[in-house]
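Chemist: Please read through the structure below; I'll follow up with questions.
The values are calculated or read from the model by the stated rules, or taken from the named source; none is laboratory data. Please read all numbers here as calculations on a predicted model, not as lab measurements. Cβ: placed from backbone, ideal geometry, glycine included. Neighbour counts: every protein chain shown. Surface areas here come from the heavy atoms of the whole protein model, side chains and all, with no ligands, DNA or RNA. Shrake-Rupley method; radii C 1.70, N 1.55, O 1.52, S 1.80 Å.
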Amino acid sequence: MNKRPTLKLKTKPAPGQAPAAPKLRPSYHPDLKPVLQPGFQPDLRADSLAFCLLGAANAVAQVRTGTALPQALAKVFAQSNASPQARGAIQDISYRTMRQLGRSETLVGLMTSKAPEPPMLAALLCCALSLMSAEPGEQPYEEFTVVDQAVTVATSHPDLAHAKGMVNAVLRRFLRERKSLLEAALQQPLAQWNYPQWWIDTLRLAYPRDWQAILTAGNAVPPLTLRVNRRKSTVEAYLAVLDEAGIAARQVGPFAVRLDKPIGVALIPGFEQGVVSVQDAGAQLAAPLLDLQDGMRVLDACAAPGGKTCHILELADVHVTAIDADAKRLPRIAENLERLGLDATLKAQDAQSSAWWDGQQYDRILADVPCTASGIVRRHPDIRWLRRKGDAFQLATLSSKILDNLWQMLRPDGKLLFVTCSLWPQESEAQAAAFAVRNNATRLTAPGQLLPTGSAEQDHDGLFYALFQKNAA
């Protein structure tokens, strides 16, 4: 049996003797705990798949330790100085991996005796497997290219170099045994649906007839849906502009146009001129439900990134105050307003507090309250891996405080629209019912719970709408 090496203390050189050159100890020394370097940038070609796999693995590893994917990607882009083309590929691989993470992690478990360490190694394997396990004809890269480039990543990175043989062996085994491995993996709900078990169980309880369709819809790649600015165009006129530009699209809502194939915003006709904005068709229902009239005072609480704020101003000449607790998100609202040629008062304020309120009641209030965002997982597939079962209760408690606080700011006969992008009843219908009882509010007609769907006629995320009117004193 090999003996554990003994570490020797440093000794001073004898008089007149030159100091010995320091020796680097290997990172795999048994007496040393490796210091991970997730920000290390190896010498990889910036246009190579290896470069993009490394960036995606870094982002996925951050998600698995609690960071939202957009923030993780922003950090990766800042560290790597990636080109726009590389950023697009890194983002595509990262989102693809998030949508297939349950299956990829199950496959890794079937092919390894223990969980790969460090997290970057597990993330690299999952990124590679998400590319390789796509349906035949839909694989974005040749399988052997993925294997080669994944091994290149491992070889070039100090945190992964010890496992380059493992990366090669695991991925090549998947190529040899794809059918049997996938059959074994798909016996497990985690791999079959790509959601945590608690998420699946909660959906089955809340929607016993629809839970499978909801899970499937959440795994789909979301469409690019535009909102036509009625101050500058109509849906019919804009569809004609798209047709002339050779861009296939169809109407999926009163102001909503869905492109058959997503394109960059810079390529969208009229986007920079404020003719259209990017917004889900379901989210576009909010502003019309407010029944806006010119001259009204409107409060948009929890407003960032400002899509609903702008839609309100497109529909009527009203005075809008938009608040958000995160001051860093207000510039995004300002940018949207400027592009559309609209104006609103923006304030970095917490909707739980009334300290900022001047005492003048509003005619209309839009309360798009914090929630688990369980209804928008097709756009944010990382949410399912970041949320915990108890989050809905905590966020529902916070939202109830916000709703009660905003209610005092509404004038008699005024209307408050409660919006949430959650599928969990305690954040939606149960919340609305309890609010109505606490505040003696009259509930008006509204869509209620919209389940996510992607049909030809309807295409929207999962949202909930409840509209209330304040009784006159």
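Chemist: Do any GluC sites (Glu not before Pro) in the range 370-473 lie in a DSSP loop with no more than 11 other beta carbon atoms within 10 Å, and if so, which?
Modeler: 457
Chemist: Add +1 for every Lys or Arg and -1 for every Asp or Glu among the other residues with Cβ under 12 Å from the Cβ of residue 174, and state the total.
Modeler: Every neighbour counted, the sum reads +4.
Chemist: Please give the charge dipole size of the chain, origin at the Cα centre, charges +1 on K and R Cβ atoms and -1 on D and E Cβ atoms. Round to the nearest 20 debye.
Modeler: Once rounded to the nearest 20, the dipole reads 2240 debye.
Chemist: Same structure again: Pull up the DSSP beta bridges for the chain and report the antiparallel fraction as a percent, rounded to 5.
Modeler: Given both bridge residues lie in the chain, the antiparallel proportion sits at roughly 55 percent.
Chemist: I want the local charge near residue 99. Using Cβ-Cβ distances under 10 Å, sum +1 for each Lys or Arg and -1 for each Asp or Glu among the other residues.
Modeler: +3
Chemist: While we're here: For the range 387-419, list residues with backbone N below 19 Å from a point placed 7 Å from the Cα of residue 293 toward its Cβ?
Modeler: 410-417
Chemist: Run through the range 123-226 and list the GluC sites (Glu not before Pro) located in a DSSP loop whose Cβ has at most 15 other Cβ atoms within 10 Å.
Modeler: For GluC sites (Glu not before Pro) across the range 123-226 that sit outside H, G, I, E and B with at most 15 neighbouring Cβ atoms in 10 Å, the list reads 138, 142.
Chemist: Sticking with this structure for a sec: So which trypsin sites (Lys or Arg not before Pro) in the range 169-259 are both in a DSSP loop and have at most 12 other Cβ atoms within 10 Å of their Cβ?
Modeler: Hits after loop and neighbour filter: 209.
Chemist: Roughly to the nearest percent, how much of the accessible area of the range 153-304 is carbon and sulfur, given a 1.4 Å probe?
Modeler: Carbon-and-sulfur percentage of accessible area, whole number: 54.
Chemist: At 1.4 Å probe radius, can you tell me the per residue accessible area of the chain in Å²?
Modeler: 49
Chemist: Rounded to whole Å, give me the distance from the Cα center of the range 423-473 to that of the range 175-198.
Modeler: 36
Chemist: Mind sorting out which of (1) 1.12; (2) 1.05; (3) 0.94 is the real Rg/Rh (Cα atoms, Kirkwood Rh) computed from the coordinates?
Modeler: Looking at Rg/Rh (Cα atoms, Kirkwood Rh) for this model, the match is (2).
Chemist: So how strong a dipole does the range 49-194 carry about its Cα centre when Lys and Arg Cβ are +1 and Asp and Glu Cβ are -1, to the nearest 20 debye?
Modeler: Computed about the Cα centre, the dipole is about 180 debye.
Chemist: For the range 96-162, what D do you get in µm² per second when you plug the Kirkwood radius from alpha-carbon pairs into Stokes-Einstein at 4 °C and 1.567 mPa s?
Modeler: For these conditions, the coefficient is 105 µm²/s.
Chemist: Quick one: what do you get for the range 282-470 if you divide its Cα Rg by 2.2 N^0.38 Å?
Modeler: Ratio of Rg to 2.2 N^0.38 Å for the range 282-470: 0.98.
Chemist: In whole angstrom, how far apart do the alpha carbon centroids of the range 225-282 and the range 63-92 sit?
Modeler: That distance is 28 Å.
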